[in-house]
Each structure stands twice: as C-alpha cells, then as structure tokens.
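S.K.: Pasting a structure here, questions to come.
Where a number appears in this text, it was derived from the coordinates with a stated rule and is not lab data. Here the structure is a predicted model, which is why all the values come from computation and not from measurement. Heads up, the Cβs are rebuilt from the backbone with ideal geometry, glycines too, and the neighbour counts pull from every protein chain shown.
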C-alpha cells in the first residue's frame with residue numbers, strides 16, 4: 001500500500017488474512033497478499049485508477065517521501081532536545097521527590113526518630129552535667145549517636161529515590177544500605193566506644209553522684225518517647241512485611257527495609273539502654289556505690305556494640321548482591337520454561353537491588369523451529385516458493401538468505417522483548433531483565 005499509495009478501502013474486495021503480532025501486548029493485524037492483488041489487477045493499474053494519472057501518483061509519492069523525511073528530522077530534533085533537557089535538568093527531578101518521601105514509609109519513621117532523639121540527647125546531656133552519672137553520660141552519647149545516624153539515614157533515603165542516570169544506570173537504591181552500614185559503624189565507634197571508655201574510667205576512678213531525681217525524670221520521658229518511636233517503626237515494618245508476604249522476623253533479618261530496620265534496632269536498644277541505666281543508677285542510689293553506675297555504662301556500650309555488629313553484617317550482605325527468595329526465582333523460571341518458544345534456560349540469577357527492585361538474568365535456549373514457524377506464519381508461501389524458483393546464481397541465493405535470515409532474527413528479537421515484558425508484567429518487582437540467547 002505504501003509502494004503504490006493505496007489505502008485499505010482500495011483493497012476491500014480482496015481476501016483479508018489475520019496475523020498475530022510477535023509482541024504479546026499488540027493486537028493481531030490484517031494483511032493482504034501481493035499475489036491476490038496481482039491476480040485481480042495490476043498494482044500500478046489500480047494506483048492509477050485511484051490517483052487518475054502517472055503524474056498525480058508520482059506527485060503523491062514525492063509528497064509522502066518529503067513528509068516522511070520531515071517527520072524523521074523533527075523526531076531527531078525533538079529527541080536531541082529532550083536528551084539535552086534531561087542532561088541539564090535531570091539532577092533537579094529527584095529533589096522534587098525527596099520532599100514527599102519524608103512524609104510516608106521509612107522517611108516518616110526516620111524524621112520522627114530524629115526529632116525525638118534530638119530532644120532526648122539535649123535533656124540527657126543536661127542530666128549528666130547535673131549528676132555526673134556515667135550511665136547518664138552513656139545514654140546521652142547513645143541519643144547523640146542515634147540522632148547523627150538517623151540524619152545520615154535521611155540523607156541516604158533522599159539519595160536513593162533519585163532517578164537513574166548514565167553513570168548509575170540501575171539507580172541509587174543501594175544508598176539506603178550504604179547509609180545503614182555507615183550508621184552501624186558510627187554506632188560502634190561513637191556510641192559503644194565512648195560508653196565503654198566512660199564506664200572503664202568510672203570503674204578506675206569512681207566519683208560520687210549527685211541527686212538522681214532529675215535524671216530519673218528524664219529517663220522516664222526518654223523511655224516513653226523512645227517507645228513511641230519504636231512503635232512507629234514496628235508498625236511500618238509490619239505493613240511492609242505483610243505486603244511482601246513475609247513474617248516480621250524474616251523481613252528484619254533479611255534487611256529488606258534498611259532504614260526502618262536501623263530505627264527499629266536503635267530504638268529497641270534505646271529502650272533497653274534506658275532500662276539498664278535506670279537500674280544501675282537505682283542500685284547506686286540505694287547502695288551508694290558508684291561502681292554500679294559504671295557497670296551500667298558498660299552494659300549500654302555492649303548493647304550498642306551488638307546492634308552495630310548486626311547492622312554491619314546485614315547491610316554488608318545486601319551490598320554484596322543478595323539473591324531474592326527461592327520461591328520467587330522458581331516462579332520466574334517456570335514462566336520462561338513453560339513458554340513454547342523456549343527449549344531450556346541456564347544460569348538463572350535474580351538479584352535484589354534494594355527498595356523492592358529485582359534484576360533478573362538468564363541464558364535462554366530458544367527453539368529455532370518454533371521461532372522460524374512464527375516467522376513463516378506471516379509469509380506468503382506461494383510468493384516465497386516463487387522466489388526460491390527464481391534463484392539461479394550464488395548471489396541471488398545470498399540475497400534470498402540474507403532477506404529471510406534478517407527477518408527471522410527480528411522475530412527472535414521480538415520473542416525476547418515479549419518474554420521480558422511478560423516477566424515484568426507478572427512480577428512488578430522485576431525492573432531489569434537480561435536474557436542472553438544461546
């Protein structure tokens with residue numbers, strides 16, 4: 001129709017053949033066989049009937065060719081402008097998203113934790129200055145460490161939602177794991193280290209402690225506020241674990257949501273730390289022996305060390321490239337194996353990129369007969385047989401093979417595209433699919 005400037009309405013009297021598209025998301029289309037057209041009339045004769053004269057036909061062809069050239073040039077210019085716009089303004093897009101990410105999910109939990117721990121840190125330092133208690137100093141350092149680490153988590157969250165760029169084609173989702181890992185190291189160095197140091201110094205040089213009334217009041221307020229933050233973190237983790245179909249324990253152990261996990265562990269440690277500090281300060285107040293208070297500082301430091309070790313381990317495992325659940329891998333594998341065009345698959349890898357994003361890779365052995373048959377379903381066998389009969393020289397054979405070989409390769413590429421779309425459609429968490437043809 002393009003060759004002779006005809007429309008579908010000009011061919012209404014001919015036989016219509018429905019052919020399926022190689023793409024799963026594209027409807028089948030109608031084709032007309034050239035042999036049917038030539039059997040009824042000459043294409044040139046029919047085009048002259050439509051356009052009236054050879055001059056009019058030539059003029060129409062020229063106009064269509066000019067329109068196609070203009071369209072391609074305009075498309076090229078628009079793509080170039082769009083590419084330059086993305087390169088120039090691409091870095092501003094993530095900023096618009098970071099403003100909303102802190103009002104829901106892990107971002108909301110982190111912001112609540114920063115506010116509460118910041119206030120707790122301030123009042124605990126006042127209580128330490130007033131009482132000189134080693135346990136209170138450890139708790140103040142604990143809250144300061146939590147506040148700094150949660151600010152780092154907020155930075156990691158804002159960075160993780162940025163859109164991919166040419167330098168980072170798979171995005172920045174691992175920034176949450178990096179921020180959580182640095183947070184774990186910070187807890188160990190600043191929180192546990194200073195608490196142990198102050199506890200040891202208290203054991204070596206015990207000092208009398210002033211009235212602990214205000215310290216108890218501040219610890220009570222801290223217990224309530226830390227408990228509220230812990231409750232927010234637990235609710236968020238339960239919601240996320242339920243969405244993934246996992247238990248809360250398994251979700252936390254696999255560090256599926258690193259930012260919320262850090263808040264959960266830090267607040268759990270905070271609640272336990274307040275309990276340890278209050279108990280040891282109470283023993284010191286009852287017995288008058290300051291050594292109990294120093295032991296409380298060592299206990300808080302040990303607790304922070306355990307939390308730090310867990311965070312370092314889980315986030316390191318995530319950054320090393322952790323596989324997704326075996327059940328998920330099995331579902332993806334079965335989808336490919338059950339496809340009629342696939343003979344076998346090998347070397348399947350499904351990696352968690354963080355934030356619910358999965359990269360799937362597999363080597364696919366396609367059934368050449370099925371792919372070729374899919375191509376042949378769209379061909380006119382009579383015309384193809386005529387082309388074969390006209391082959392007399394090696395050059396004509398090469399031309400024939402190149403033509404149909406290229407079309408078969410295009411059909412194979414369409415099969416790969418179809419499978420990739422099917423994998424993403426049935427498994428929304430799969431964002432990147434790499435299928436290697438064997």
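S.K.: Using Stokes-Einstein with the Kirkwood hydrodynamic radius over Cα pairs, what translational diffusion coefficient do you get for segment 310-385 at 20 °C and a viscosity of 1.002 mPa s, in µm²/s rounded to a whole number?
M.R.: 140
S.K.: State, to one decimal in nm, how far the label point of residue 239 lies from the label point of residue 302, with both points 7 Å from Cα in the Cβ direction.
M.R.: Taking the two extended label points, one gets 3.7 nm.
S.K.: Computed FRET efficiency, Cβ-Cβ of residue 370 and residue 30, R0 30 Å: what is it to the nearest 0.05?
M.R.: Plugging the Cβ-Cβ distance into 1/(1 + (r/R0)^6) gives 0.80.
S.K.: Okay, next question. Using R₀ = 45 Å, calculate the FRET efficiency as 1/(1 + (r/R₀)^6) where r is the Cβ-Cβ separation of residue 316 and residue 224; round to 0.05.
M.R.: With R0 = 45 Å, the Cβ-Cβ based efficiency is 0.85.
S.K.: Can you tell me the Rg and the Dmax, both Å, for the Cα atoms in segment 152-296?
M.R.: Considering segment 152-296 through its Cα atoms, Rg and Dmax are 19.6, 66 Å.
S.K.: For residue 382 and residue 67 in the same chain, what is the full-extension length gain: residue separation times 0.36 nm, less their Cα-Cα distance, in nm?
M.R.: Working: separation 315, 0.36 × 315 = 113.40 nm, distance 3.45 nm.
Gain on stretching residue 382 to residue 67: 110.0 nm.
S.K.: Using alpha carbons only, how many angstrom separate the centre of segment 226-298 from the centre of segment 306-359?
M.R.: One Cα centre to the other: 30 Å.
S.K.: Under a crude label model (7 Å from the Cα following the beta-carbon direction), how far is residue 391 from residue 323 in nanometres?
M.R.: 4.6
S.K.: Separate question: Full extension from residue 399 to residue 291: what is 0.36 nm times the residue separation minus their Cα-Cα distance, to one decimal in nm? Mind showing how you got there, number by number?
M.R.: Numbers: separation 108, 0.36 × 108 = 38.88 nm, distance 9.34 nm.
Additional length available on full extension: 29.5 nm.
S.K.: Taking 30 Å as R0, compute the FRET efficiency from the Cβ-Cβ separation of residue 246 and residue 119 and round it to 0.05.
M.R.: 0.35
S.K.: Another question about this same structure. Under 13 Å from a point 7 Å along the Cα-to-Cβ line of residue 253: which residues of segment 317-341 have their amide N that close?
M.R.: none
S.K.: Arranged from highest to lowest average of other beta-carbon atoms within 10 Å per residue, in what order do the peptides 295-308, 111-124 appear? Working shown, then result.
M.R.: On the way: 295-308: 23.5, 111-124: 20.9.
Per-residue mean Cβ counts within 10 Å order the peptides as 295-308, 111-124.
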